[in-house]
Each structure stands twice: as structure tokens, then as C-alpha cells.
Amino acid sequence: MQGVKFTRYIVSWNAAMLHKCFSNVDLSSCNNHYKKYKRCLNKWCAITCGRRPVVKVYGLLRTGTNYITRLIDLNFDVFCLESTEEGWKHGPCNYHERFYYVFMVKDPYSWLSSFYEWELIHNRTKAGSLSEFITGPVTHPELQRAWSIDYPISAWSESLRSWSIYKNENNVIFLKYEDLLESFTDQLANLSQRFGFKPKNEVFLNLTKRADDWATPKPRKKLSQDYYTNKEYLKQFTSDDIEFIQKCLDMNMVEEFGYCLPQQHDET
């Protein structure tokens, strides 16, 4: 206990000295260094002193990882690790029993559609159609290295197979992107009940703008909830696409997370 008190004293002293040193300095030229130092200090304090629960979010690109991270940070008194802290959030889990983990899951077809759009926006794919993208190589280099996959849809199966080994741990929860869109309050209440997180407000607050609001090489489409709830994304897939995708999917993972796969349709 004395060691913890001493550690907290040192952290408080460092914070006070940091404020004193920078209070009369124009930070415009060193703002990034200041933010990085402050971030490291807060992270060290959260992990070492245990003042706040530490949360790590995992999920593939375009599964709502930024959204849930911002929601958690907005609504709970916790410390959220950033995308590359303690492991890349789109790759294998660097599990630690002292942290709390939120794994985001998305319908494999809506994810594939979103991922294709994301790669187009970032000029990483030359595929002229979704069908061409589906059967082509993985165009995101970090994702390919993380999961050693041949096709984009394989990332869905490989990642969930890897992450699901932690599903029975008390510090782990899996959330579906579709459920989060339908009722973010229910999902946050579920998360709070499971982990015992202390809410910051009397009611749960939602974001007023999209979580991934940074600039991209090409403009993004406006987020449409109906696109997901009405499964409008399925219109983009041909019968051959569906056949190929379902050969690549891990049906155990599809069943585990309760997704209903589309049937091949007549295109004549």
C-alpha cells in the first residue's frame, strides 16, 4: 500500500512539474511532444496505479472500433488504449488479465463491402468492382501481415477464430456493430454491467459526429443506418460472389455470432 501511495505521489509531482514548466511556454512549436508526454504519463498512471480501468478495443477495420472507443471514453471513467498501444487493434490480441477487452464484430458481407470502399478511398486497390476485389489479393499490407491471408474475407474468419479463444474470460466482451447501431444505450448498459464501469453521466451520450472524422485521400459516403439494418449492402453481391465468400467463411464463427448468410439468387 505504501508503494502505491508513493507511486501516486511521484505521478502527481510529475504532473505538477509538467504544468509548471509548460504553463508560460508557447506550445505551438512543441504541442505534439507535449501531448505524447501527457499521454504516456496518463497511461502509466492508469496501468501502474490502477486508478481507472484500462480498456483495449479490437476489431477489423470498418467494424466500429473508433465508434465504440469514443463512446466508452465519453460515457465511462476509464482509460482507453489507442489503436497501436499494447497491440494493433486490427491484429491478434496481446491479452493481459489486468485490462478489459471489447471485441467488435460485423456481418461478413457488410464488412467486406465497407472494407472495399475503404481500400478505394485510400487508393490501395485497383479492383474495378466488388467482385474483383473479393477474389483478388489483400491490398492492406498490415492486415495481410497480421493474419497471413490470401483473400480479404479470410480476415473475418481468421480474426474471429483468434479472438474468440478469450470469449469466456471475465474481462472480455464481444459486441456486434449492428446491435450498437440499433441501440447504443443497451450495448453500453451491457458493457457497464459486465465490467462494473462507472458511468460519467446520468444517461448515456452518443456522438454528435462520426468517430473517424479525419481527412482521407477521397471523400467518404455519409453513414446510413438503414444501409445496415435493411441489409442494403447485399444488393452489391452476385451469386458467384456469395458462393465464393461462403466457401471462405468459417461457419463456426458465423454461427457463433448469430449471422444469417444470404442465399444465392437468380440473376437471369
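Rule-based calculations on the coordinates, nothing more; no lab input. Fair warning: this is a prediction, and the values are worked out from it, not measured in the lab. Please note: Cβ atoms are built from the backbone with ideal geometry, for glycine as well, and neighbour counts cover all protein chains shown.
Below, the figures for the structure above:
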{"read-out": "Ranked by how many other beta carbons lie within 10 Å on average, peptides 214-220, 249-255, 71-77 from highest", "value": "71-77, 249-255, 214-220"}
{"read-out": "Sparse-neighbourhood loop sites, trypsin sites (Lys or Arg not before Pro) in segment 221-259 - DSSP loop, at most 16 other Cβ within 10 angstrom", "value": "Lys221, Lys222, Lys231"}
{"read-out": "Three-way shape call for segment 184-268 based on the alpha-carbon gyration tensor, with the a/c threshold at 1.5", "value": "oblate"}
{"read-out": "Residue order, fewest to most beta carbons within 10 Å, for Trp88, Trp156, Trp111", "value": "Trp88, Trp111, Trp156"}
{"read-out": "Karplus 3J(HN,Hα) series, Hz, for segment 123-130 with 6.51 cos²θ - 1.76 cosθ + 1.60 (x for Gly, Pro)", "value": "6, 9, 10, 9, 4, x, 7, 4"}
{"read-out": "Prolate/oblate/rounded label for segment 111-171 (Cα gyration tensor, a/c 1.5)", "value": "prolate"}
{"read-out": "Residue list for segment 213-240, given a label point 7 angstrom along the Cα-to-Cβ vector of Ile121 and an amide N cut-off under 16 Å", "value": "213-225, 227-228"}
{"read-out": "Cα-centred dipole magnitude for segment 53-256, charges only on beta-carbon of K, R (+1) and D, E (-1), debye, nearest 20", "value": "500"}
{"read-out": "Residues with amide H under 5 Å from that of Val55, placed H, sequence gap 5 or more", "value": "Phe79, Cys80, Leu81, Tyr100"}
{"read-out": "In Hz, Karplus ³J(HN,Hα) per residue of segment 166-178 (6.51, -1.76, 1.60; θ = phi - 60°; x = Gly, Pro)", "value": "9, 5, 8, 6, 5, 9, 10, 9, 10, 10, 8, 4, 5"}
{"read-out": "Entries in Lys176/Lys209; Lys56/Lys200; Lys89/Lys176; Lys56/Lys167; Lys200/Lys221 that, when Cα-Cα distance is taken, lie over 22 Å", "value": "Lys200/Lys221"}
{"read-out": "Amide proton proximity set for Val172, modelled H, under 5 Å, gap of 5+", "value": "Tyr101"}
{"read-out": "Cβ-Cβ FRET estimate between Leu74 and Arg98, R0 fixed at 25 Å, reported to 0.05", "value": "0.60"}
{"read-out": "Cα gyration tensor shape of segment 53-256, rounded if a/c is under 1.5, else prolate or oblate by comparing a/b with b/c", "value": "prolate"}
{"read-out": "Centre separation in Å (Cα based) which lies between segment 89-126 and segment 135-192", "value": "6"}
{"read-out": "Fewest-first sequence of Lys126, Lys106, Lys176 by Cβ atoms within 10 Å of each Cβ", "value": "Lys126, Lys176, Lys106"}
{"read-out": "Where labels lie 7 Å past Cα in the beta-carbon direction, separation of Glu202 and Asn190 in nm", "value": "2.7"}
{"read-out": "Residue order, fewest to most surrounding Cβ atoms within 10 angstrom, among Tyr227, Tyr100", "value": "Tyr227, Tyr100"}
